[in-house]
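The values are calculated or read from the model by the stated rules, or taken from the named source; none is laboratory data. Only a predicted model underlies this, so the values are computations on that prediction, with no experimental measurement involved. Heads up, the Cβs are rebuilt from the backbone with ideal geometry, glycines too, and the neighbour counts pull from every protein chain shown.
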Amino acid sequence: MSVPAAEITNSAALSAAAFICGTVSASFFTCIGSRIAAGKDWIRGRSTCDACGHVLSVRDLIPVLSYIFNRGKCRWCGARIPVICIVSELCLGFYFVLAVVRFGLGIEAFRCMGLSGILLGLSVVDLACYVIPDGFIAAGIIFWALTIPFYGSFWMEEGVQGLCGGVLVSGIMLGVSLLFDRLTGKESLGGGDIKLFFMTGLFLKPVRAAAALLLSCLIGLCSAVILKKRKIPFGPSISIAACLSMLYGSLMAQWYLNLFF
């Protein structure tokens, strides 16, 4: 059966708009995360080159395109622009497209977009400083609470399931962490990681939160092996797992259960 040309055009336009919104969101949250990691004021002040300090213009701040046109360098001093800039913009752009394709224009897609931006910002800080700022956790919780009324008559069920997901996954990781710390005498998870599990669990609810828990441990283990490091920031692994579980957590859980039943 053929698909009407108008439907294809509308779908392409929606995907393009979602991609652009994703790249802009990534640029914004990466900037915030970088400023916090550097100890700078993330609210006031113009964006500047980290190398020469030159104030960047609009031409230098267009997501993806500025990096390509400037060949990954500052056009004032020639210093290399961190590759994480374009990587984060492309990844979040495509993630926004996947969210729209998966859920359409609705509250679930909007939640995916908002949460992914917050998780990107805190991941930038965690990668640089091994710290997950409480501000990002608070922003995530507030964003979750503000979106609950959009579920209409199901708002209470949504809130209860969210709280169950947050308490479940953070409680499990807290218990495992305390047990590991007692057995080894070393700190396994920081308080920020436990808080992050709680915040993401609010969005994921029990089933998807459980999938994210297993996936984050797998991603963290693979990252440690690939990077050949004994200690890595766990925030990015939790963030990637949460973003994937927001989209496909229910499908992953169903696939896993089908292996045994």
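Checking Ala253 against (1) modelled with pLDDT of 80 or more; (2) assigned to a helix (DSSP H, G or I), which single condition isn't satisfied?
Ala253 satisfies every listed condition except (1).
Which condition from (1) under 16 Å from the mean Cα position of the chain (by Cα); (2) β-branched (Val, Ile, Thr); (3) outside the structural domain of Asp50 (by TED's automatic domain parsing) is the one that Val169 breaks?
So Val169 meets the others, but not (1).
Considering only segment 44-51, I want to know if a residue exists there that is at pLDDT below 90 and basic (Lys, Arg).
Yes, because at least one residue in segment 44-51 is at pLDDT below 90 and basic (Lys, Arg).
Being part of a helix (DSSP H, G or I) and surrounded by fewer than 22 Cβ atoms within 10 Å (Cβ to Cβ) is the filter here, so list the residues in segment 119-137 that pass it.
Within segment 119-137, Leu127, Ala128, Cys129, Asp134, Gly135, Ile137 meet the criteria.
Would you point out which residue out of Leu168, Leu178 is part of a helix (DSSP H, G or I) and free of Cβ contacts under 8 Å to residues at least 12 places away in the same chain? Walk me through how you get there before you give the answer.
Details: Leu168 fails: free of Cβ contacts under 8 Å to residues at least 12 places away in the same chain.
Going through Leu168, Leu178 in turn, just one is part of a helix (DSSP H, G or I) and free of Cβ contacts under 8 Å to residues at least 12 places away in the same chain: Leu178.
Check segment 230-237 and report whether any residue there is in a loop (DSSP other than H, G, I, E, B), touching an Asp or Glu at 6+ places or on another chain (Cβ under 9 Å) and assigned by TED's automatic domain parsing to the domain that holds Gly166. Steps first, answer last, please.
Our first condition is that a residue be in a loop (DSSP other than H, G, I, E, B); within segment 230-237, this holds for 230-234.
Restricting the remaining residues to those that are touching an Asp or Glu at 6+ places or on another chain (Cβ under 9 Å) gives 233-234.
Retained after the next criterion (residues that are assigned by TED's automatic domain parsing to the domain that holds Gly166): 233-234.
Yes.
Determine which single condition Ala17 fails, assuming it passes every other condition in (1) surrounded by fewer than 16 Cβ atoms within 10 Å (Cβ to Cβ); (2) in contact with a helix residue (DSSP H, G or I) (Cβ under 7 Å, 6 or more places away or on another chain); (3) modelled with pLDDT of 90 or more.
It fails just one condition, (2).
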